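What follows is a short report on a single structure.
The values are calculated or read from the model by the stated rules, or taken from the named source; none is laboratory data. Since this is a predicted model, take the numbers as computed values, not measurements. Here the Cβ is made from the backbone with ideal geometry for all residues, glycine too, and neighbour counts use every protein chain on show.
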Protein chains: 2
Amino acid sequence: MKEVIGGVCAPKGFRAGGIWCGIRKNKTKSDLAMIVSDTMCTAAGVYTKNKVKGAPIVVTKNHLADGHAQAVICNSGNANTCAPNGLEIAEETCALTAKALGLLPTDIIVASTGVIGKEMEIGPFATGIPQLADVLTYEGSQAAAHAIMTTDTKLKEVAVEFTVGGKTCHMGAIAKGSGMIHPNMATMLCFITTDAAISAPMLQKALSDDVPDSFNQVSVDRDTSTNDTVTIMANGMAGNDEITGEGEDYKAFTEALAFVTRKLSFCIAADGEGASRTIVCQVNGAPTKETARLVSRSVISSNLFKAAVFGKDANWGRILCAIGYTDAEFDIEPIDVTLSSKAGSLLVCEKAAHHEFSEEKALEILSEDVVTVEVEMHQGSGSATAWGCDLTYDYVKINGDYRT
Amino acid sequence: MKEVIGGVCAPKGFRAGGIWCGIRKNKTKSDLAMIVSDTMCTAAGVYTKNKVKGAPIVVTKNHLADGHAQAVICNSGNANTCAPNGLEIAEETCALTAKALGLLPTDIIVASTGVIGKEMEIGPFATGIPQLADVLTYEGSQAAAHAIMTTDTKLKEVAVEFTVGGKTCHMGAIAKGSGMIHPNMATMLCFITTDAAISAPMLQKALSDDVPDSFNQVSVDRDTSTNDTVTIMANGMAGNDEITGEGEDYKAFTEALAFVTRKLSFCIAADGEGASRTIVCQVNGAPTKETARLVSRSVISSNLFKAAVFGKDANWGRILCAIGYTDAEFDIEPIDVTLSSKAGSLLVCEKAAHHEFSEEKALEILSEDVVTVEVEMHQGSGSATAWGCDLTYDYVKINGDYRT
């Protein structure tokens, strides 16, 4: 497996694009993205567990019930959530997309991101969708990735090449997500494409099994969004024998998926609203995998520790405190904590107590862009990673003044 | 029942005081507090549920096991948590206090607050405790309240007068808590005194039943501290017949307790690290009381909503989002949300959707010091209140630079 360029257009037969259609007032940022496969895809999705769900989620779930889709339409600037006419707008958006592409509305994945509770208008979609359909290209991943950004400061895309049954396959994805990022479904939005052939049930299984260890392990602010959606479309154009069960081929597929989702999980955390550095927490030696997930998430979610990282303060007491209030059964006494980054590695807490360390070295380690907290629990073989970011003045600024 | 002055010294027979003894390097802030009853008290406590527990909690729990205590000794500047010699220091602190007061070490409540993981030294206690014992007064509540403050900007004390069986009783309390504030045991530290006579089991019951609706409903930053402790001592000097079961007298007692703890809960939230305004969330019509607690806490804990309040932004979508990700069973559809403050009241969300409102009026309401979010769930009779504060630049500043 190797990383390649091209994002969602790296797999054969996928076109994409993005334009400004008027959902945002400001013309400087595109607001409508489309991804289309030349042929019908098997497809799967996972969604937010928030009780407040964006109208597009209801429609997309419905459309993916048969395990098939051929296109994605997604706008930024308005989440189409808690809006009186939300379902109608989401349905109509699919109808317009289907018409422009010559597809059935039920084969369209629809998603929205932006402000909650603002009424949507169909006008911008009605003019924008046909225009967008006309400008799609096989190199359009970045344009689509740009159009789904909200407070993101960086475009998020990734692609890999891998082999299934002797055939070269590709998988690509674009994502957006910066604030309102917390398990479950940290992503906000991620659209994955692949030219591997895989049955709809195996595709859903692969995605559902992957998300607990990737996107659900990201937290920027513990706020689980109303619109989080991850979808994957597989058009089979790589020519491999369709994956219909577990085995070597499925394993290769899930490894590619894991690479793509973990890379984007990192990118989302790194681009957390206002973040100045990325925090990775790696937990090993946990009694269970689930405990490892919870402990690692607890560490990267602690406002106090996040603020300490912003201040480059090796305040390991806050790490231990966050481990300690994790809602899981384990022993606190044997736990060791190591801080590491490109600048080196430093044991700061041994057996849940202070371990003498050089403050100078700690400052060096914490001055890097990516800081890793290694938690060794010494009580089993469960391990997990979680991705987060520091808490900064800019987070407050961005969110104190978002809607106005 | 009426509010009175005097804090922990409002009840008969309680002396208190606070001095600087050298645990903090800086002499400008006192760091050692003592509260003593003239006679033996029934006593009860509740503590943090964090797996990492300060050494003083272990000792205090042990000392309160017999339901009796006569004095409190508490330092700020060092939490005595994850320190190698923690238990030894906590025991020795009790021994020194007992010696200075002529009591038994097992009748001493000990508590510490401050930095985690820093080794404690007994020196400052050895010189400070006898000095402090000499300067205690029946008007010393404020001195004690001051000595337990860490990043608190305001002294927190309260007292009430109430009647039990025809006798005038008093209850007073001091508290500290600003950062690392989250259920369970949001308080960090609160010491309550009363001259009412009440049996140890009923005192523990009253306290344990009260905390889920008071201190556990406060969140500043979702970080559950390692040292949270609430204790109550009742010396019976008011002369009422000892409360030994439920009934009128117990009811009067619990009402006084509820007033004291809710007032301090509000004060802790209002003095949240960096807070510019206080957020109160009142949930009514919930299917159960527990759901009401969870929903109200979810709202006041949302970083996104907290930042919106800082920005005076009536971003009700974030309120609904926070309600929606609460881990409880309920219907989101019938929920109404009203924002209110001294400046008026405004329905901003009706049946989980946008309700037209004046942005100008919303700004007026959100410009007040205390902002109340009323959530009417329309699906039962459960109700609860939670107290929080906005998320500001100063929170980040304080916590990015606390230890250095």
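For this structure, a couple of remarks:
- Looking across the stretch A:338-353, the residues that are assigned to a loop (DSSP other than H, G, I, E, B) and under 20 Å from B:Lys51 (Cβ atoms) come down to A:Lys351, A:Ala352.
- Residue within the stretch B:387-394 that is without any contact (Cβ under 8 Å) to a residue 60 or more places away in the chain, part of a loop (DSSP other than H, G, I, E, B) and within 12 Å of another protein chain (Cβ to nearest Cβ) present: no
- For A:Lys351, the criteria (1) at pLDDT 90 or above; (2) within 30 Å of B:Lys312 (Cβ to Cβ) hold in every case but one, which is (2).
- Members of the stretch B:338-379 found to be closer than 17 Å to B:Val309 by Cα, small (Gly, Ala, Ser) and buried (at least 18 other Cβ atoms within 10 Å of the Cβ), listed by number: B:Ser340, B:Ser341, B:Ala362
- Single condition A:Ala286 does not satisfy, out of (1) buried (at least 24 other Cβ atoms within 10 Å of the Cβ); (2) more than 8 Å from chain B (Cβ to nearest Cβ); (3) under 21 Å from A:Tyr395 (Cβ atoms): (3)
- Residue match in the stretch A:88-95 (condition: within 14 Å of another protein chain (Cβ to nearest Cβ), surrounded by fewer than 23 Cβ atoms within 10 Å (Cβ to Cβ) and within 19 Å of the chain's Cα centre (by Cα)): no
Yes or no, residue by residue, for (1) closer than 22 Å to B:Ser219 by Cβ; (2) facing chain A (nearest Cβ under 10 Å); (3) without any contact (Cβ under 8 Å) to a residue 60 or more places away in the chain; (4) out of contact with any strand residue (DSSP E or B) (no Cβ under 7 Å at 6 or more places or on another chain):
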residue	(1), (2), (3), (4)
B:Phe310	yes, yes, no, yes
B:Gly317	yes, yes, yes, no
B:Ile323	yes, yes, yes, no
B:Leu339	yes, no, yes, no
B:His354	no, yes, yes, yes
B:Ala362	no, no, yes, no
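- Of all residue pairs spaced 6 or more apart or on separate chains, those with beta-carbon atoms under 7 Å, a first member in the stretch B:162-179 that is within 14 Å of chain A (Cβ to nearest Cβ) and a second member that is at pLDDT below 95 and part of a strand (DSSP E or B) are B:Gly177/B:Leu189.
- Hits in the stretch B:325-337 - residues which are surrounded by 14 or more Cβ atoms within 10 Å (Cβ to Cβ), more than 7 Å from every other protein chain (Cβ to nearest Cβ) and out of contact with any Cys (no Cβ under 7 Å at 6 or more places or on another chain): B:Thr326, B:Ala328, B:Phe330, B:Pro334, B:Ile335
- Strands (runs of 3 or more DSSP E) within the stretch A:188-304 that include 1 or more residues within 30 Å of A:Asn315 (Cβ to Cβ) and modelled with pLDDT of 90 or more: A:278-286
- Selected residue (criterion: nearest to the other protein chains (Cβ to nearest Cβ)) from residues of the stretch B:2-58 that are over 19 Å from the mean Cα position of the chain (by Cα) and among the basic types (Lys, Arg): B:Lys51
- Among the residues of the stretch A:173-187, those identified as touching a Leu at 6+ places or on another chain (Cβ under 8 Å) and either at pLDDT below 90 or over 21 Å from A:Trp387 (Cβ atoms) (or both) are A:Gly177, A:Gly179, A:Met180, A:Thr187.
- Boolean, B:Ser381 is more than 9 Å from every other protein chain (Cβ to nearest Cβ), closer than 28 Å to A:Val396 by Cα and among the small types (Gly, Ala, Ser): no
- When the stretch A:40-72 is filtered for residues that are of a type in the set (Lys, Arg) and at pLDDT 95 or above, only A:Lys61 remains.
- Boolean, A:Ala69 is more than 14 Å from chain B (Cβ to nearest Cβ), small (Gly, Ala, Ser) and within 20 Å of A:Val211 (Cβ to Cβ): yes
- Scanning the stretch B:331-346 for residues that are modelled with pLDDT of 95 or more and either within 30 Å of the chain's Cα centre (by Cα) or among the aliphatic types (A, V, I, L, M) (or both) gives B:Ile335, B:Asp336, B:Val337, B:Thr338, B:Leu339, B:Ser340, B:Ser341, B:Lys342, B:Ala343, B:Gly344, B:Ser345, B:Leu346.
- Subset of the stretch A:116-132 that is within 14 Å of another protein chain (Cβ to nearest Cβ) and touching a strand residue (DSSP E or B) at 6+ places or on another chain (Cβ under 6 Å) - its residue that is modelled with the highest pLDDT: A:Met120
- Among the residues of the stretch A:310-337, those that are of a type in the set (Val, Ile, Thr) and part of a loop (DSSP other than H, G, I, E, B) comprise A:Thr326, A:Ile332, A:Ile335.
- Check on A:Thr113, within 14 Å of chain B (Cβ to nearest Cβ), more than 14 Å from A:Met34 (Cβ to Cβ) and polar (S, T, N, Q): yes
- The set of residues in the stretch A:299-308 being of a type outside the set (Lys, Arg) and at the interface with another protein chain (Cβ under 10 Å from one of its Cβ atoms) consists of A:Ser301, A:Ser302, A:Asn303, A:Leu304, A:Phe305, A:Ala307, A:Ala308.
- Within the stretch A:354-386, being assigned to a strand (DSSP E or B) and either farther than 15 Å from A:Pro334 by Cα or under 26 Å from the mean Cα position of the chain (by Cα) (or both) holds for A:Val370, A:Val371, A:Thr372, A:Val373, A:Glu374, A:Val375, A:Gly382, A:Ser383, A:Ala384, A:Thr385, A:Ala386.
- Against the test of being surrounded by 24 or more Cβ atoms within 10 Å (Cβ to Cβ), farther than 27 Å from A:Thr326 by Cα and basic (Lys, Arg), the options B:Lys167, B:Lys156 yield a single qualifying residue, B:Lys156.
- The number of residues in the stretch B:355-384 being of a type in the set (A, V, I, L, M) and farther than 15 Å from B:Val295 by Cβ comes to 6.
- Residues in the stretch A:138-155 that are at pLDDT 95 or above and among the hydroxyl-bearing types (Ser, Thr, Tyr) were compared, and the one that is nearest to A:Gly272 (Cα to Cα) is A:Ser141.
- All conditions in (1) of a type outside the set (Lys, Arg); (2) at pLDDT 95 or above; (3) out of contact with any strand residue (DSSP E or B) (no Cβ under 6 Å at 6 or more places or on another chain); (4) farther than 25 Å from B:Asp152 by Cα hold for B:Ile5, with the sole exception of (4).
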